[in-house]
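S.K.: Mind looking over this structure? Questions follow.
The values are calculated or read from the model by the stated rules, or taken from the named source; none is laboratory data. In this text the structure is predicted, and so the values were computed from the model without any measurement. For neighbour counting, all protein chains shown are included, and Cβ atoms are generated from backbone atoms with ideal geometry for every residue, glycine included. Ligands, DNA and RNA are stripped out before the accessible areas are found, and what is left, the full protein with its side chains, is counted by its heavy atoms. Shrake-Rupley method; radii C 1.70, N 1.55, O 1.52, S 1.80 Å.
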Amino acid sequence: MQKYIDKLKSLDHKNMYEGDFFLTWEKTKDELESIWTVADALRDLRERNISTKVFDSGLGISIFRDNSTRTRFSFASACNLLGLAVQDLDEGKSQIAHGETVRETANMVSFMADVIGIRDDMYIGKGNAYMHEVVDSVTQGHKDGVLEQKPTLVNLQCDIDHPTQSMADALHIINEMGGIENLKGKKVAMTWAYSPSYGKPLSVPQGIVGLMTRLGMDVVLAHPEGYEIMPEVEEVAKKNAAESGGSFTRVNSMAEAFKDADIVYPKSWAPFAAMEKRTDLYGNNDFDGIKALEQELLAQNAKHKDWACTEELMKTTKDGKALYMHCLPADITGVSCKEGEVDASVFDRYRDPLYKEASYKPYVIAAMIFLAKFKNPVALLEQLNQDAKARQMK
Amino acid sequence: MQKYIDKLKSLDHKNMYEGDFFLTWEKTKDELESIWTVADALRDLRERNISTKVFDSGLGISIFRDNSTRTRFSFASACNLLGLAVQDLDEGKSQIAHGETVRETANMVSFMADVIGIRDDMYIGKGNAYMHEVVDSVTQGHKDGVLEQKPTLVNLQCDIDHPTQSMADALHIINEMGGIENLKGKKVAMTWAYSPSYGKPLSVPQGIVGLMTRLGMDVVLAHPEGYEIMPEVEEVAKKNAAESGGSFTRVNSMAEAFKDADIVYPKSWAPFAAMEKRTDLYGNNDFDGIKALEQELLAQNAKHKDWACTEELMKTTKDGKALYMHCLPADITGVSCKEGEVDASVFDRYRDPLYKEASYKPYVIAAMIFLAKFKNPVALLEQLNQDAKARQMK
Amino acid sequence: MQKYIDKLKSLDHKNMYEGDFFLTWEKTKDELESIWTVADALRDLRERNISTKVFDSGLGISIFRDNSTRTRFSFASACNLLGLAVQDLDEGKSQIAHGETVRETANMVSFMADVIGIRDDMYIGKGNAYMHEVVDSVTQGHKDGVLEQKPTLVNLQCDIDHPTQSMADALHIINEMGGIENLKGKKVAMTWAYSPSYGKPLSVPQGIVGLMTRLGMDVVLAHPEGYEIMPEVEEVAKKNAAESGGSFTRVNSMAEAFKDADIVYPKSWAPFAAMEKRTDLYGNNDFDGIKALEQELLAQNAKHKDWACTEELMKTTKDGKALYMHCLPADITGVSCKEGEVDASVFDRYRDPLYKEASYKPYVIAAMIFLAKFKNPVALLEQLNQDAKARQMK
């Protein structure tokens, strides 16, 4: 525990207080490290059965505009860990569809909200913008004396980034590699992979290249032609790499990306241009157009069935032992589909690390909340550790 | 804080203990004032980061038979504020549709319930009756030793009244006017306004005229011919006005109502007679009849598009500065609809007070629970204030 | 309280720690008695307003693959009683349908889960198997360091048993009869009864004959020919009866079963063979076949309308005063259906005991959790009793 406290003392996180979490590249490196450090500290406390209930009451509001199991449970777990009750805003059950403005709803649900978690990843140009609208609304509401506290936003996945995923992924890598200082010069392959479904969000690959380039790693983004991610995020990755002493490369070959890689992250996504087109089609309620686009994308995908994480490809990685990563659920060849992103034997061999990877998400979310809601997180961690109140009675 | 405690000491609220909240006009004026006082006290405690968690565990059951965002969140917030977890009875997920009696369900969900909150506002003659059936059932269950405690009912909107709304509205007025003693002689215009939707419940206008007439105010109810509210509630309003030294008038002119008004509350509702007709049609599963009625009502509404809260009308109010109120969401001309209840510029100018108005609802609900579940609310508030346990650690 | 503590001290429950609850007949008699004792103890504490919050935070995960009101609320109540927040895994809202394995989902939702409650009673051969798959998954996840704790499973109804129901029923009988020692030689009639609906699960009759035969009672299972339960469970019942000094008999006459019975439990269920057939039809997506089977079963049911718990039949029971039991909701003749399982006058006379019967379920579930999660339940009950922390402030 002391090492986390000492580490946190050495980092500058004062601007996180009363802030929000939208995109990893809007945070300083110290701020990112503060999150990982607090996440590890909270996990350490819980593993020693020490309560981390820093709220006696209060709400965490969740808004899921897309299906979710693991992120939903991660958010609920994070809130519970800190003492908050989750209240889900189910837009189907509400009057939101009846023309209410975002500003109004955001305030109406926030009178006792300490946190708002939002997933809105379906439409390019919409999700992140919606989150900003929510934050602007509650910030104004707090200034105007309507809200007694400004809830902090946690981006649970938008059209641009999936920061709770990428931050959990990074913490997994840090712990697997024995410390953040060991990441410099490591090669990460973020590559497209074939899936029989279509239209998977871009936020995972974008989040990974946007974050891993901060850590001095050699990040290779690989995909077939036509599967480009958002150009703005590629620019971010380039700039990050230049600053961190790492590199960012884009290739159209999975083999090239896997060659000598320390870490591989093969995963399907939809082309950015197609997602933009879909957003427009939805905007025009052009359902025939959407169907046609779906067929087109599936046909396009089917041309790239050779983009799969096979045993053969894994052998070409560093010592044949690259760390295989995935945000889950993966499309596993012969298990969840006929042909998919990864060979069943590869997936099976990495099951434990994959589950461990996922297990960081609740702690990462809790750390984001912790640093946004408490002015002196160092002192608070010290106090929790010292009080050592049991989470579960003995 | 001391002023709230002193105030509460001066009021007679002893009959509220182990009681329920159905309609404001079933409560004494002391009892209503007790709710406002406790609501202000709870808010004061929370603003000073003092925990108001008076339950260590226990459930608040919610039953929403109509869509809801703000009332759902207000109820969840109130329960959380006091330490209760919310468990929603989603009738779609339950076996209720399978012929189960209200009596049975009410008991089955209440073994650990301290509170039951119900919204059932759709059908005339049904909602309030259903709530009484639930309360009778759990009262009997408690007497028979089936339930260890009798949960208290909070009416979250019925066919007759919307007491958590009107009580929050009244507390807003009290605080805006600088005290309940300043309300005497103030003119309130509760008026119908045009909306392109149809069939909005009567419980808001009924709740407002049923409550504001208790406070010595001059209450004017305005609507086009054919938009009558329940005659029983008009009788209540008349009787209230006679007793409180205020007045209750009904007019068919929005201009007349607005003239020199201190407070205006322009809002659409469906005519009582039409709502009764709709209830019968639903009872007979006459869906063609319902569709025909909808068209009829929309056509009837469309004749009264001039019933709108415009800048011109606002200028005719007291000093041109009446307090504009609404239960939200409002139909705003040019924003949420082409022509609606209120001009966008009027709505915008009053946004802060409108949100503030809404912010009282969680506290009003919590106060209703507090006074029903605790025998000595004065002592309990004193203890909370003295213990000063932090809601959020520092 | 002391009597419960003394009783618990005398029982061997050490193997329950870190265990799960699938079927009553997998538990020793001491273990079953431990559950009833802890359930009574928790109830006694709550009745004296003493907090039983043994968790400061943590989650209870619920997975309902069939509709539920009372079991859903019982599980939520039990979790709340112990300090856990409920997080429901709504498979409709999740990505589970997208080919994810049970193993993965089980781990993904369990990072902070202390309990998992599952209802999966629809398909013969599936529900219990699914629960085992979940438990195996989280046990492995805990061993592999993915989960910090192994959540305990509570079977909230499977295709074989409905242990939270039968255990609550048994506790009701024990308390009605003045102690477990008074059950020896009592006659229990678990009989089929006519219902206009079809396809009710077998888990209640199976649970009852599988449990009551442990207690030295004379258990009679009665049903029309063709309404057999699972043969494996009949074998269990026979073996139990031989060991406990009771008896297990199967008859095809309701009158014979009711004759001199101390307890009667008349309830509709579907024939085992038909349920197996339905499972196959669903497996083949043969919806025409399912419809045909439904009609067949309804026609078959209709031949046995004389299988009803009438006043006449009740008169033939011991002193005409057998204890009438039901898991609720019952199909009441002339109330919830034209012709059903029980006469309205019989049901009405037993309403209080029926509700009391149901009221044990939350405590039985809480006791299952308590004994699985705490190594020294005796000391913990003593501590709760001594600390006497108020559940509701005074």
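S.K.: Can you pull out every residue in the range B:110-147 that is under 23 Å from B:N80 (Cα atoms), within 13 Å of another protein chain (Cβ to nearest Cβ) and over 18 Å from the mean Cα position of the chain (by Cα)?
M.R.: Listed by number, the residues that qualify are B:S110, B:F111, B:M112, B:A113, B:D114, B:V138, B:L147.
S.K.: I've got another one for you. Would you point out the residue of the range C:56-91, among those that are of a type in the set (V, I, T) and more than 7 Å from chain B (Cβ to nearest Cβ), that is farthest from A:A390 (Cα to Cα)?
M.R.: C:T71
S.K.: Can you find a residue in the range B:318-334 that is more than 28 Å from B:K361 (Cβ to Cβ) and either out of contact with any Leu (no Cβ under 8 Å at 6 or more places or on another chain) or small (G, A, S) (or both)? First the steps, then the outcome.
M.R.: The first filter runs over the range B:318-334 and keeps only residues more than 28 Å from B:K361 (Cβ to Cβ), leaving B:319-320.
So of that shortlist, the ones also either out of contact with any Leu (no Cβ under 8 Å at 6 or more places or on another chain) or small (G, A, S) (or both) come out as B:319-320.
Scanning the range B:318-334, I find at least one residue that is more than 28 Å from B:K361 (Cβ to Cβ) and either out of contact with any Leu (no Cβ under 8 Å at 6 or more places or on another chain) or small (G, A, S) (or both), so the answer is yes.
S.K.: Identify the single condition in (1) assigned to a helix (DSSP H, G or I); (2) more than 23 Å from the chain's Cα centre (by Cα) that C:I35 does not satisfy, given that it satisfies every other one.
M.R.: (2)
S.K.: For C:P205, work out the one condition from (1) in a helix (DSSP H, G or I); (2) open to solvent by 30 Å² or more (accessible area, probe 1.4 Å); (3) in contact (Cβ under 8 Å) with a residue 24 or more places away in the chain it doesn't fulfil.
M.R.: Checking C:P205 against (1) in a helix (DSSP H, G or I); (2) open to solvent by 30 Å² or more (accessible area, probe 1.4 Å); (3) in contact (Cβ under 8 Å) with a residue 24 or more places away in the chain, the one that fails is (2).
S.K.: For C:G185, are the conditions met, namely being more than 17 Å from the chain's Cα centre (by Cα), farther than 26 Å from C:E256 by Cβ and open to solvent by 30 Å² or more (accessible area, probe 1.4 Å)?
M.R.: The answer is no for C:G185.
S.K.: May I ask you to say which residue of C:V188, C:V154 is within 15 Å of C:I365 (Cβ to Cβ), touching a strand residue (DSSP E or B) at 6+ places or on another chain (Cβ under 9 Å) and assigned to a strand (DSSP E or B)?
M.R.: The conditions single out C:V154.
S.K.: Right, next: Can you tell me which of (1) assigned to a loop (DSSP other than H, G, I, E, B); (2) facing chain B (nearest Cβ under 9 Å); (3) open to solvent by less than 20 Å² (accessible area, probe 1.4 Å); (4) at pLDDT below 95 is the one A:E104 doesn't meet?
M.R.: Going through (1) assigned to a loop (DSSP other than H, G, I, E, B); (2) facing chain B (nearest Cβ under 9 Å); (3) open to solvent by less than 20 Å² (accessible area, probe 1.4 Å); (4) at pLDDT below 95 one by one, A:E104 breaks only (1).
S.K.: Can you find even one residue in the range C:297-311 that is of a type in the set (F, W, Y) and farther than 24 Å from C:G199 by Cβ?
M.R.: no
S.K.: Is there a residue being under 18 Å from A:D161 (Cβ atoms), open to solvent by 10 Å² or more (accessible area, probe 1.4 Å) and of a type in the set (F, W, Y) anywhere in the range A:55-73?
M.R.: Yes, that holds for at least one residue.
S.K.: Scan the range B:320-335 for residues that are in contact (Cβ under 8 Å) with a residue 24 or more places away in the chain and open to solvent by 30 Å² or more (accessible area, probe 1.4 Å) and jot them down.
M.R.: If the condition is that a residue be in contact (Cβ under 8 Å) with a residue 24 or more places away in the chain and open to solvent by 30 Å² or more (accessible area, probe 1.4 Å), then B:T333 is the only one that fits.
S.K.: Another question about this same structure. Give the number of residues within the range B:336-377 that are in contact (Cβ under 8 Å) with a residue 40 or more places away in the chain, open to solvent by 20 Å² or more (accessible area, probe 1.4 Å) and away from chain A (no Cβ under 14 Å).
M.R.: Residues meeting the conditions: 2.
S.K.: I would also like to ask the following. Can you name the number of the only condition in (1) out of contact with any Ser or Thr (no Cβ under 9 Å at 6 or more places or on another chain); (2) over 17 Å from B:V364 (Cα atoms) that B:S137 fails?
M.R.: Exception for B:S137: condition (1).
S.K.: Conditions first: (1) in contact with a Leu (Cβ under 9 Å, 6 or more places away or on another chain); (2) open to solvent by 40 Å² or more (accessible area, probe 1.4 Å). C:P231 passes all but one, so which condition is the exception?
M.R.: The failed condition is (1).
To keep it simple, each residue is scored yes or no on (1) in contact with a strand residue (DSSP E or B) (Cβ under 6 Å, 6 or more places away or on another chain); (2) surrounded by fewer than 24 Cβ atoms within 10 Å (Cβ to Cβ); (3) over 30 Å from C:L183 (Cα atoms).
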position: C:R46; (1), (2), (3): no, yes, no
position: C:L84; (1), (2), (3): yes, no, yes
position: C:L89; (1), (2), (3): yes, yes, yes
position: C:F111; (1), (2), (3): no, no, yes
position: C:K126; (1), (2), (3): no, yes, yes
position: C:S137; (1), (2), (3): no, yes, yes
position: C:G145; (1), (2), (3): no, yes, yes
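S.K.: Determine whether the range B:21-28 contains at least one residue that is touching a residue at least 60 places away in the same chain (Cβ under 8 Å), open to solvent by 20 Å² or more (accessible area, probe 1.4 Å) and either assigned to a helix (DSSP H, G or I) or under 21 Å from C:L84 (Cα atoms) (or both).
M.R.: Checking the range B:21-28: at least one residue is touching a residue at least 60 places away in the same chain (Cβ under 8 Å), open to solvent by 20 Å² or more (accessible area, probe 1.4 Å) and either assigned to a helix (DSSP H, G or I) or under 21 Å from C:L84 (Cα atoms) (or both).
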